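Data first, discussion second: the structure below is written as structure tokens.
Nothing in this text is a laboratory measurement; each read-out follows from the coordinates by a stated rule. Owing to the predicted nature of the structure, the values given are computational and were not obtained by experimental measurement. Positions of Cβ are backbone-derived with ideal geometry, glycine not excepted, and every protein chain shown enters the neighbour counts.
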Amino acid sequence: MVAMTKRNDTRAVKVGTVTIGAGHPIAVQSMCATRTQDVDATVEQAEAIRRAGGDVVRVAVDSARDVEALSEIRRQTAANLVVDLQENYRLAAQVAPHVDKIRYNPGHLYHHEKDKPAREKVRFLADVARAHDCAIRVGVNCGSVDPETKARHPEDDVAAMVDSALEHCRLLDDIGFTRYVVSLKDSHPRKVIEANTRFAAERPDVPLHLGVTEAGIPPEGVIKTRVAFEQLVSRGIGDTLRVSLTLPNPRKHEEIAVGRQILADIAAGRYRSVPVFDDDKLNIISCPSCSRVENERFVELAEAVKAMTAYAEAHALTIAVMGCRVNGPGETDDADLGLWCGPTHVNLKRRTETVGAYTYDEILPRLRDELDALIEARTAAV
Ligand code: SF4
């Protein structure tokens with residue numbers, strides 16, 4: 001862990017053997033991208049992350065069979081484990097005995113048992129966490145803020161993220177559960193900087209987990225993340241972080257080394273000339289992949305999209321490449337062109353509109369057609 005000089009006076013949140021916040025060194029995390037039910041592969045990856053210096057390792061759990069695998073993974077790794085709950089918050093009761101932290105997304109929580117007030121669902125999660133000595137992360141993502149909160153901020157999606165996070169902090173505080181951290185993530189470093197800065201101004205006591213989600217393939221993914229972390233950590237904001245890169249499984253643990261290098265550079269005052277993330281150029285975002293990836297060709301596809309679209313570099317367009325149906329459909333809504341992977345097909349979207357589903361062999365030429373049409377339409381409009 002890396003020590004920083006000036007830090008916000010956040011409270012301490014214990015996650016297994018690590019303490020996040022209260023001036024403790026900034027903890028560096030990563031997430032397994034293996035199938036959770038493949039116990040051997042997941043243990044191997046969790047251990048690789050831990051050996052690389054990962055303080056916390058996240059695993060996705062979506063089903064009862066994932067929970068079974070998790071109990072075995074727990075036995076075989078010494079890593080501090082956090083579980084990512086997206087599909088069903090009630091699974092928390094089964095996963096909590098095996099992990100040190102539970103992450104929930106307020107936007108996803110909203111859609112489960114819709115008639116039940118958020119307060120009750122949050123109370124359930126807090127009770128489970130308390131009973132099993134777990135911390136909680138309130139993980140807000142710009143692309144999945146609940147529709148009611150979004151509607152309150154029609155012109156400002158950063159304000160919607162901050163509002164959602166503050167609401168969940170109040171819910172947890174009101175029931176006396178304070179062992180939580182918050183994250184506010186987006187794929188654009190500017191929004192990550194704004195959201196975390198605004199949140200920290202309101203709640204300087206709450207430890208923050210920093211991350212630029214779907215940052216993409218190195219080196220661009222590293223640059224986007226560095227831009228955000230340099231701006232935030234230098235202002236004393238951030239108690240733990242994750243660098244989300246699109247990397248093949250055997251290289252996943254490299255996220256830790258990248259995170260540590262950025263922190264070491266900031267601590268030593270080695271700021272690179274902070275690149276302003278260029279809004280006038282083509283922006284390719286891709287998710288870091290996790291156990292939910294539907295087809296292992298995803299990473300290869302993300303790299304192929306980057307190579308194929310190089311000719312359009314001078315156009316201010318965003319192309320998003322996502323690995324699964326859990327986050328893919330929603331997280332691609334803001335992109336000019338979005339791809340999300342299914343087991344045999346890749347779904348192509350033009351903003352929120354579905355274009356069609358194509359095989360892994362068909363998708364690149366189809367994407368090229370769409371990109372050409374978009375460039376032509378933009379050029380004609382100028
Ligand atoms: S988009 Fe899907 S595969 Fe990619 S990181 Fe998110 S949940 Fe995992």
Open item on the list: Quick check: Cα centre of region 49-71 to Cα centre of region 306-381, how many Å?
Closed with: 31 Å
Open item on the list: Tell me the relative contact order for the chain as a rounded percent, counting alpha carbon contacts under 8 Å between residues six or more apart.
Closed with: 15 percent
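What's the exposure ranking of TYR358, TYR180, going from fewest to most Cβ atoms within 10 Å?
Working: TYR358 17, TYR180 22.
Sorted ascending by nearby Cβ count, the order is TYR358, TYR180.
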Open item on the list: Helix 220-233 against the longest principal axis of the chain: what's the angle in degrees, Cα atoms only, rounded to the nearest 10?
Closed with: 40 degrees
Task: Sorted by Cβ density within 10 Å, fewest first, the residues GLU113, GLU194, GLU254 - done: GLU113, GLU254, GLU194
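For the chain, what is the mean residue ellipticity at 222 nm derived from helices alone (per DSSP H run of n ≥ 4: -39500 (n - 2.57); sum divided by total residues; nearest 500 deg cm²/dmol)? Intermediate values should be presented prior to the final figure.
On the way: 13 runs with 150 residues, N = 382.
About -12000 deg cm²/dmol.
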Task: Length-normalised contact order of region 283-381 in % [C-alpha pairs under 8 Å, at least 6 apart] - done: 23 percent
Task: Alpha-carbon centroids, region 78-150 and region 213-232: separation in whole Å - done: 26 Å
Task: In degrees, nearest ten, helix 118-131 long axis to first principal axis of the chain (Cα) - done: 50 degrees
Open item on the list: Compute the helix-to-body angle for 298-308: its Cα long axis versus the longest principal axis of the chain, expressed 0 to 90° and rounded to tens.
Closed with: 40 degrees
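Report the FRET efficiency, 1/(1 + (r/R0)^6), for ARG51 and ALA12, where r is their Cβ-Cβ distance and R0 is 25 Å, rounded to 0.05. Could you put the intermediate results ahead of the total?
On the way: r = 26 Å, r/R0 = 1.04.
With R0 = 25 Å, the Cβ-Cβ based efficiency is 0.45.
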Open item on the list: Quick check on the chain: what are the equivalent-ellipsoid semi-axes from the Cα gyration tensor, as sqrt(5λ), descending, whole Å?
Closed with: 31, 23, 22
Open item on the list: Neighbour counts of other C-beta atoms within 10 Å: give me MET161, MET308 arranged from fewest to most.
Closed with: MET308, MET161
TODO: Considering only DSSP beta bridges where both residues belong to the chain, give the percentage that are antiparallel (nearest 5).
DONE: 25 percent
- [ ] Quick one: Debye curve from the alpha-carbon atoms of region 298-344 only, equal weights, vacuum; give me log10 I(q)/I(0) at q = 0.13, 0.20, 0.29, 0.32 Å⁻¹ to two decimals.
- [x] -0.29, -0.66, -1.10, -1.19
